[in-house]
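What follows draws every value from the coordinates through simple rules; no lab data is involved. As the structure is a prediction and not an experimental result, all values here were calculated from the model.
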Amino acid sequence: MWGGRTGALLRVWGLWPAGVRGRRPLGCNAASLAGNNSPQCWNCGGPGVPKRGDGFFCPQCRALQPPDLTRDYFSLMDCNRAFAVDTAKLQNRYQQLQRLVHPDFFSQRSQTEKDFSEKHATLVNDAYKTLLAPLSRGLYLLKLHGVEIAEGTDYAMDQQFLMEIMEINEKLAEAQSEAAMKEIESIVRAKQKELSDNVSKAFEQDDFEKAKEILTKMRYFSNVEEKIKLKKIPL
Ligand SMILES: [Zn+2]
């Protein structure tokens, strides 16, 4: 699920230089447009566009620069690269970035800047959502450390855990009242909190195998949460 979404995004990013190429001839700035490795401004060619920080705009002509796709979400959202994230700070940063790059502010600007603002906004939204939810944040952090969880459940789960999940799923299937649903919800919420605390500790100790095992469990509970949501929707 997570890998697919990122893959789709990368495909979108992979497409955009072609779109730019269609509107304007390739100039000497094309390389910096595509790779964003050069600090040169795409618009005026001026130097001094900071690679890091919030130098989204050229200091000389104020043109919006393309997003730096080499920057990871933690850096973009001004968070420490750790599982423990200050969500209030994350929210503030999200709002701050939205005020900088929201496409509404670029309606009177050049097409290139409109395109860039769309890409910035997509990136900022994705970074925010990924870092906000513990499961996606953990999976992302794991990936930054070079560890990925395969889509299929080929990870050996212990029998006790699988029984626990089965029992919760049965309870959910049988639940007929709001009280019964609430009970299941509170069980799942408590479990996710416990797992979230444990995965935080695993990351603190750089124990990525442990983190991977706990995140796999969190994904099972996340699936249960999805089922709860679906069951709540009146048919
Ligand atoms: Zn410029």
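Values for this structure:
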read-out: Using θ = phi - 60° and Karplus 6.51 cos²θ - 1.76 cosθ + 1.60, couplings along the range 186-191 (whole Hz; Gly, Pro as x); value: 6, 4, 5, 4, 5, 4
read-out: Under-5 Å amide H pairs with PHE57, H placed in peptide plane, nonlocal only; value: GLN65
read-out: Amide H contacts under 5 Å for ARG109, placed H, 5+ residues apart; value: none
read-out: Karplus-derived HN-Hα couplings along the range 83-100 (A = 6.51, B = -1.76, C = 1.60, θ = phi - 60°), whole Hz, x at Gly and Pro; value: 6, 6, 10, 7, 5, 5, 5, 4, 5, 4, 5, 4, 5, 4, 5, 4, 5, 7
read-out: Volume of the Cα convex hull of the range 66-106, divided per residue and given in Å³; value: 67
